[in-house]
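Enquirer: What follows is a single structure, and I will ask about it in a moment.
The values are calculated or read from the model by the stated rules, or taken from the named source; none is laboratory data. The shown structure was predicted, so the numbers you read here are calculated from the model rather than taken from an experiment. Neighbour counts run over all protein chains shown; Cβ positions are idealised from the backbone, glycine included.
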Amino acid sequence: MKFIHDLMYRYMGLGVLIVLCSVSPTTFAAQSVIVKNAWARATAPGQATAGVYLEIVSNADAALVAAASPLAKSAEIHAMRTEGGVMKMRAVSKIELPAHKTVKLAPGVLHVMLVGIKQPLREKEKVPLELTIEGSGGSKSTVRVEAEVRPLTATREHAH
Ligand SMILES: [Cu+2]
């Protein structure tokens, strides 16, 4: 059994390597993305959604096109907009990441919405998050981050 496991891990490692090798050095550099200050709001009992906020900067034109977390059934990218004095949010297909510009997903502007969270998010826990970045040439890469859970009282925006 142990041998099979070792083999599996070796193949998994190989899989990662293939992904990296299939991208030319220039394209790979074009997809270099840094994510900072990722955080999520703690959830109240029974709450099924949670907003995740972060700062993201790409060294070349790219876009954030998808998100996922093992703690939620799905994740959506949401934009906030004020309509007739009321804050509303809508799902967007992507967030543009112009080269070298820090794009902030912050309360009241943009967020990743975890939908169908499987367990309450408690203060100081970490939420693993996988972000899919699409380069200007259409190539996709994945960035893994951990969002720190902050108390419910952290900068309120909207009720879900
Ligand atoms: Cu939302």
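Enquirer: Looking at the range 62-106, which of its residues are in a loop (DSSP other than H, G, I, E, B), surrounded by fewer than 16 Cβ atoms within 10 Å (Cβ to Cβ) and either modelled with pLDDT of 95 or more or within 15 Å of the ligand (Cβ to nearest atom) (or both)?
Expert: Hits for the range 62-106 are Pro70, Val92, Ser93, Lys94, Pro98, Ala99, His100, Lys101, Thr102.
Enquirer: Which is of a type in the set (Asp, Glu) and farther than 14 Å from Ala66 by Cβ, of Glu123, Glu130?
Expert: The unique qualifying residue is Glu123.
Enquirer: Would you check if there is a residue in the range 63-83 being free of Cβ contacts under 8 Å to residues at least 40 places away in the same chain, touching a His at 6+ places or on another chain (Cβ under 7 Å) and not polar (S, T, N, Q)?
Expert: yes
Enquirer: Looking for whichever is buried (at least 16 other Cβ atoms within 10 Å of the Cβ), in the same structural domain as Ala48 (by TED's automatic domain parsing) and in a loop (DSSP other than H, G, I, E, B) here; the options are Leu121, Leu131. Which one fits?
Expert: Result: Leu121 is the single residue among Leu121, Leu131 that is buried (at least 16 other Cβ atoms within 10 Å of the Cβ), in the same structural domain as Ala48 (by TED's automatic domain parsing) and in a loop (DSSP other than H, G, I, E, B).
Enquirer: Quick one: how many residues across the range 144-160 are among the β-branched types (Val, Ile, Thr) and at pLDDT below 95?
Expert: Residues flagged as among the β-branched types (Val, Ile, Thr) and at pLDDT below 95 within the range 144-160 amount to 2.
Enquirer: Are there any pairs, at least 6 apart or on different chains, whose C-beta atoms fall under 7 Å, with the first in the range 111-124 and in contact (Cβ under 8 Å) with a residue 60 or more places away in the chain and the second charged (D, E, K, R) and not in a loop (DSSP other than H, G, I, E, B), and if so, which?
Expert: Within 7 Å, the pairs are Met113/Glu76; Val115/Lys73; Val115/Glu76; Gly116/Lys73; Glu123/Arg150.
Enquirer: Test Thr43 against the stated conditions and say whether it is among the β-branched types (Val, Ile, Thr), exposed (fewer than 12 other Cβ atoms within 10 Å of the Cβ) and within 16 Å of the ligand (Cβ to nearest atom).
Expert: It is false that Thr43 is among the β-branched types (Val, Ile, Thr), exposed (fewer than 12 other Cβ atoms within 10 Å of the Cβ) and within 16 Å of the ligand (Cβ to nearest atom).
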